[in-house]
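*Asks:* Sharing a structure, written as structure tokens. Questions coming.
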Amino acid sequence: MSSKKTATYGLLIALAFIFSYVESLVPIPLPIPGMKLGLANIVVLIALYVLGSKQAFGLSVLRIVLVGLTFGSLFSMIYSLAGGILSCIAMILCKKTKLFSIVGVSIVGGVTHNIGQIIAAILIVENRGIAYYLPVLLVTGAVTGLLIGMLGAEITKRLTVKLNINNHKCN
């Protein structure tokens, strides 16, 4: 890994951590307990397009573990890991198909993140009734995925031009 790529990776990890921290400080009145906007997912999306699949996946998992250890609990980390891993895999696959724009990839990520968390919750709590939250979570995941995708697309475009890092994209 080049020094430029390493520095970018470190910066993105720090930024994702900061976004998670800021999001934990600002209570946003959302209809379902524990629901968040997912600001740190902007960073994962950018990493996917700027650094590549492996780096984005590593950044996502590392951020979730760091945030879980620092601000969360074991259960919040499990839910986040379930959603984050499923989301990252889905985004990587969608990007590789080249059928989705960065915004489309982000929407898939937002939706699959919520699916992963619901699956984890059903397994942990042993109550399938939790699945009743899924329709609302799918809609909110799509909306937040759209917003994160639009921001991520603009930032990625500016980063690749400003830092001339187009050659770091992975297939």
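*Asks:* If you check every pair at least six apart or on different chains, which have Cβ atoms under 9 Å apart with a residue in the stretch 15-44 that is of a type in the set (Asp, Glu) first and a residue that is at pLDDT 75 or above and assigned to a loop (DSSP other than H, G, I, E, B) second?
*Replies:* 23/36; 23/37; 23/38; 23/39
*Asks:* Something else: When you go through (1) in contact with a Phe, Trp or Tyr (Cβ under 9 Å, 6 or more places away or on another chain); (2) at pLDDT below 95; (3) closer than 22 Å to residue 138 by Cα one by one for residue 102, which number turns out not to apply?
*Replies:* (2)
*Asks:* Also, I was wondering about something else. At pLDDT 85 or above, farther than 25 Å from residue 96 by Cβ and within 14 Å of the chain's Cα centre (by Cα): which single residue out of 73, 20, 53, 60 fits that description?
*Replies:* 20
*Asks:* Another one. Can you find a residue that is under 28 Å from residue 133 (Cβ atoms) and touching a helix residue (DSSP H, G or I) at 6+ places or on another chain (Cβ under 6 Å) anywhere in the stretch 4-16?
*Replies:* yes
*Asks:* Output the number of residues of the stretch 90-127 satisfying the condition of being of a type in the set (D, E, K, R) and within 16 Å of the chain's Cα centre (by Cα).
*Replies:* Qualifying residue count, the stretch 90-127: 1.
The values are calculated or read from the model by the stated rules, or taken from the named source; none is laboratory data. Note that the structure is predicted; figures quoted are calculated from it, not measured. Neighbour counts run over all protein chains shown; Cβ positions are idealised from the backbone, glycine included.
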